[in-house]
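Here the structure is laid out as structure tokens; the discussion comes afterwards.
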Amino acid sequence: MPAETEWTHLYATIKKKIGLDLNLYKQEQLRRRVLGSIESKGFSGIPELAKAVEADENVCKWLIDRLAINVSELYRNPEKWVELETKVLPMLLAHTQKLKIWSAGCSFGAEAHTLSCILENKFQGSHTILGTDIDAAALDQAKQGNFCEADVRGVPPTILDRYFTRAGERWQAKDSIRKNLTFRRGDLLSDKFDTGYDLILCRNVVIYFTEEAKDVLYRRFFEALKPGGVLFVGGTERIFNSRQVGFEAPLPFFYQRPLEGDNRWRNAS
Ligand SMILES: C[S@@+](CC[C@H](N)C(=O)[O-])C[C@H]1O[C@@H](n2cnc3c(N)ncnc32)[C@H](O)[C@@H]1O
């Protein structure tokens with residue numbers, strides 16, 4: 001087993017190189033993945049890996065790509081998207097016609113494209129959707145809007161037909177759902193956040209973070225939302241201290257920053 005000092009040195013090297021703080025991740029799983037990566041690339045151990053990360057930007061990118069668990073698909077957890085479409089979006093659109101949305105930890109863009117399909121199909125407008133992730137390779141795919149069969153298996157057939165074209169074995173998103181999407185690198189654990197969001201999606205990302213890191217992140221999401229704005233989390237990511245953070249939770253897995261005054265989210269049940 002590598003010595004604790006070796007881990008400390010590797011983490012410090014990565015932090016210096018790209019600003020990512022691996023101390024804020026659950027350690028058991030993370031370390032298992034680092035050790036697996038070392039083996040697959042033929043490094044002799046953590047010190048050699050740290051040296052390579054220091055010397056070569058591409059090794060650092062490769063390592064982050066290995067550590068990032070990019071599993072995603074369009075319309076992942078379909079019942080939650082139905083709730084978003086039938087309850088949350090109408091409520092948000094009662095206050096603005098131009099939604100500012102952020103898919104935080106977007107991986108290869110499946111979540112952002114799903115949202116764009118729903119908006120284009122039912123709530124057209126000049127909405128903006130930003131997708132951010134730490135994984136450059138996943139972001140490249142997100143920018144292309146190109147998906148394999150497994151990525152789109154949950155897409156309703158009429159939506160697939162309307163907003164995607166077949167490109168060999170893959171599916172290409174049409175411009176009508178790509179036009180409002182922007183993707184860029186962003187680290188949820190260290191970046192300064194923009195504010196004024198109507199909706200933030202952060203699903204299946206915080207499961208990798210320590211409890212302390214999660215708590216800080218939820219408070220920062222709260223600040224990044226407009227009053228009335230909603231945070232949409234993953235199916236295993238209930239926020240147990242949501243009231244302490246300031247959120248109301250009118251629906252499971254949707255947390256609202258309260259509106260001032262009387263304009264609360266009344267219609268949700
Ligand atoms: C399992 S995917 C979730 C994708 C999508 N949100 C979904 O639910 O289908 C987790 C993503 O979180 C990203 N991630 C991990 N740590 C991050 C960080 N500090 N900042 C931003 N993204 C991060 C990973 O690169 C990965 O793409």
request  = Could you tell me whether W102 is modelled with pLDDT of 95 or more and outside any helix (DSSP H, G or I)?
outcome  = yes
message = Can you tell me which of (1) assigned to a helix (DSSP H, G or I); (2) at pLDDT below 95; (3) surrounded by 15 or more Cβ atoms within 10 Å (Cβ to Cβ) is the one N58 doesn't meet?
response = (3)
inquiry  = Step by step: first the residues of region 12-26, then only those that are touching an Asp or Glu at 6+ places or on another chain (Cβ under 7 Å) and closer than 20 Å to G105 by Cβ, then the one that is least open to solvent (accessible area, probe 1.4 Å). Which residue is that?
reply    = L20
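Hey, can you tell me all the residues within region 117-129 that are open to solvent by less than 20 Å² (accessible area, probe 1.4 Å), farther than 25 Å from K192 by Cα and not aliphatic (A, V, I, L, M)?
The first filter runs over region 117-129 and keeps only residues open to solvent by less than 20 Å² (accessible area, probe 1.4 Å), leaving 117-119, 127, 129.
Next, from what is left, pick out any that are farther than 25 Å from K192 by Cα: 117-119.
Passing the criteria: only C117.
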note = Flagged pairs (Cβ under 9 angstrom, 6 or more apart or on separate chains; first in region 107-132, free of Cβ contacts under 8 Å to residues at least 60 places away in the same chain and not assigned by TED's automatic domain parsing to the domain that holds R184; second more than 14 Å from the ligand (Cβ to nearest atom) and of a type in the set (F, W, Y)) are none
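Of all the helices (runs of 4 or more DSSP H) wholly in region 164-269, which have at least 3 residues that are over 29 Å from A94 (Cβ atoms)?
It comes to 211-224.
If a residue has to be over 15 Å from S40 (Cα atoms) and not small (G, A, S) to count, how many in region 62-76 make the cut? Full working, then the answer.
Step one: of region 62-76, the residues over 15 Å from S40 (Cα atoms) are 68-76.
Cutting the leftovers down to not small (G, A, S) gives us 69-71, 73-76.
Adding up the residues that qualify gives 7.
The values are calculated or read from the model by the stated rules, or taken from the named source; none is laboratory data. This structure is a prediction, so every number in the text was calculated from the model and none was measured. Positions of Cβ are backbone-derived with ideal geometry, glycine not excepted, and every protein chain shown enters the neighbour counts. When the accessible area is computed, the model is the full protein with side chains, heavy atoms only, and any ligands, DNA or RNA have been set aside. Shrake-Rupley method; radii C 1.70, N 1.55, O 1.52, S 1.80 Å.
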